[in-house]
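Student: Here it is: the structure, laid out below.
The values are calculated or read from the model by the stated rules, or taken from the named source; none is laboratory data. These figures come from a predicted structure and were not determined experimentally. All Cβ positions, glycine included, derive from the backbone under ideal geometry; neighbour counts span all protein chains shown. Please note that ligands, DNA and RNA were not included when accessible areas were found on the heavy atoms of the full protein model with its side chains. Shrake-Rupley method; radii C 1.70, N 1.55, O 1.52, S 1.80 Å.
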Amino acid sequence: MLMLRTAYVCDPRYANHEVPPGHPERPERIEALLDLVRRYEREGIVSVAPRAATVEEILSNHDRRYVEEVRASAGKPIVVFDADTAAYSESYETALLSAGGLLALTDRVMAGEADNGFAMIRPPGHHAESDRAMGFCFFNNVAIGARYLRSKHKLDRVLIVDWDVHHGNGTQRSFYADKHVLYVSLHQYPHYPGTGAVNEAGVADGLGYTVNIPFPGGYGDDEYAAAFRRIIEPIGRQFAPEFVLISAGFDAHQSDPLSRMRVTKEGYAAMTRSLLDIARESAGGRCVAVLEGGYDLEALTESVSSVLDALGGEGLDAPRPRGSGAEAVLEAVTRVHRRFWKLV
């Protein structure tokens with residue numbers, strides 16, 4: 001079996017961002033993952049210490065006035081940004097550490113010290129827009145990571161695949177007119193935040209570089225595998241990314257309380273292997289998963305463990321599942337995107 005080296009970030013300080021009682025994006029998520037990585041054993045896995053992102057790195061994707069608003073929340077008991085998103089005394093510093101943890105990991109992979117990685121960080125990021133917090137998110141970690149790869153490491157093409165059950169509106173907005181970052185999202189639709197329709201495909205130079213695959217509730221491993229085979233794999237290979245980032249939310253799991261999807265840990269592993277295939281063809285295998293959602297702790301830990309196994313090379317030599325179903329959705333996506341990509 002091919003053995004790949006995986007670096008990961010998972011730090012107890014990510015639990016310092018507090019939330020109101022009963023909030024799903026709770027510190028216990030990181031505590032469960034810390035327990036997982038203490039028990040997880042395989043060759044080639046190494047822990048990386050996170051660093052705080054600099055304000056300049058955050059500003060690569062966010063407006064200065066908004067960053068100052070989040071910074072002003074530091075040390076205060078609570079500052080409410082929207083109905084789902086509030087900052088507590090340590091939220092700002094934790095959000096910097098969240099983005100910086102991903103940047104530290106990308107540096108390791110770009111330096112060849114690891115083949116791939118997993119940033120187990122919080123607060124999550126893909127709903128955060130340039131000028132607003134929303135959906136549990138303050139700074140858009142994966143968008144900041146893509147901009148960092150473009151600016152510091154001089155990469156020309158970055159692929160972001162977002163399999164969180166909620167559409168990553170903030171990430172889409174960040175790159176909607178950008179042909180250098182291909183954003184692909186599979187999500188339950190209609191669902192929060194209401195964006196991600198199939199005809200949202202980018203504008204100007206970015207036309208065709210946003211690909212939305214909006215699934216109705218009830219879809220699972222077979223439909224996701226079909227989407228990868230028919231849409232994501234052919235477009236990803238034609239784009240030929242130099243780095244693959246995964247917005248890895250696990251709230252499409254069949255046990256998650258915030259969705260009606262039926263993905264299993266095996267489905268997440270299969271999606272990871274497909275993206276590793278793309279990364280190995282054009283990016284030297286460079287691929288980093290970034291934690292987004294996932295609110296059932298048992299489902300979260302078993303899914304993260306399966307992704308870690310796949311990142312390590314488990315099952316890479318096995319045939320990929322063909323999947324089935326989702327015909328109407330995938331045909332609609334094909335009709336929109338065959339203008340830009342070779343799709344059958």
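Student: Shape call for the stretch 1-70 from the C-alpha gyration tensor, a ≥ b ≥ c root eigenvalues: rounded (a/c under 1.5), prolate (a/b greater than b/c) or oblate?
Tutor: oblate
Student: Determine, from the Cβ-Cβ distance of Arg13 and Glu43 and an R0 of 35 Å, the FRET efficiency 1/(1 + (r/R0)^6), rounded to the nearest 0.05.
Tutor: For R0 = 35 Å, the calculated efficiency reads 0.80.
Student: OK, next. What's the center-to-center distance, using Cα atoms, between the stretch 42-95 and the stretch 203-221 in Å?
Tutor: Value for the Cα centre distance between the two parts: 28 Å.
Student: Quick check: Cα centre of the stretch 228-247 to Cα centre of the stretch 166-188, how many Å?
Tutor: So the two Cα centres are separated by 13 Å.
Student: Hey, another quick one. Considering the chain, what Rg and Dmax in Å follow from its alpha-carbon atoms?
Tutor: Both quantities, over Cα of the chain: 18.2, 55 Å.
Student: May I pose another question? Dipole magnitude of the stretch 275-314 about its Cα centre, charges +1 at Lys/Arg Cβ and -1 at Asp/Glu Cβ only, in debye to the nearest 20?
Tutor: 280
Student: Which loop-located trypsin sites (Lys or Arg not before Pro) does the stretch 111-215 contain, where loop means any DSSP state but H, G, I, E or B and the Cβ has at most 11 other Cβ atoms within 10 Å?
Tutor: Lys154
Student: Percent of accessible area on the chain owned by carbon and sulfur, 1.4 Å probe?
Tutor: 49
Student: Have a look at the DSSP beta bridges in the chain and tell me what percent are antiparallel, nearest 5.
Tutor: 15
Student: Among Ser306, Phe239, Pro190, whose Cα lies farthest out toward the positive end of the dipole of the stretch 190-316, if unit charges sit on the beta carbon of Lys, Arg (+1) and Asp, Glu (-1)?
Tutor: The listed residue farthest towards the positive side: Phe239.
Student: With a sphere of radius 15 Å drawn around the Cβ of Gly112, what net charge do the other residues whose Cβ falls strictly inside it have (Lys, Arg +1; Asp, Glu -1)?
Tutor: For residues surrounding Gly112, the net value is 0.
Student: Provide, as a two-decimal number, the C-alpha radius of gyration of the stretch 261-303 over 2.2 N^0.38 Å, N being how many residues it has.
Tutor: Expressed relative to 2.2 N^0.38 Å, the Cα Rg reads 1.33.
Student: Related question: Between Phe340 and Lys154, what length in nm is gained on full extension when 0.36 nm per residue of separation is reduced by their alpha carbon distance?
Tutor: So the extension gain works out to 64.5 nm.
Student: List the residues whose amide H sits under 5 Å from the amide H of Phe81, counting only those 5 or more places along or on another chain, with H placed 1.01 Å from N in the peptide plane.
Tutor: Under 5 Å from the amide H of Phe81 lie the amide H atoms of Ala86, Ala87, each far enough along the sequence or on another chain.
Student: Can you tell me which of 38-49, 102-113, 224-235, 284-295 comes out highest on packing, and rank the rest after it, using the mean Cβ neighbours within 10 Å?
Tutor: 284-295, 224-235, 102-113, 38-49
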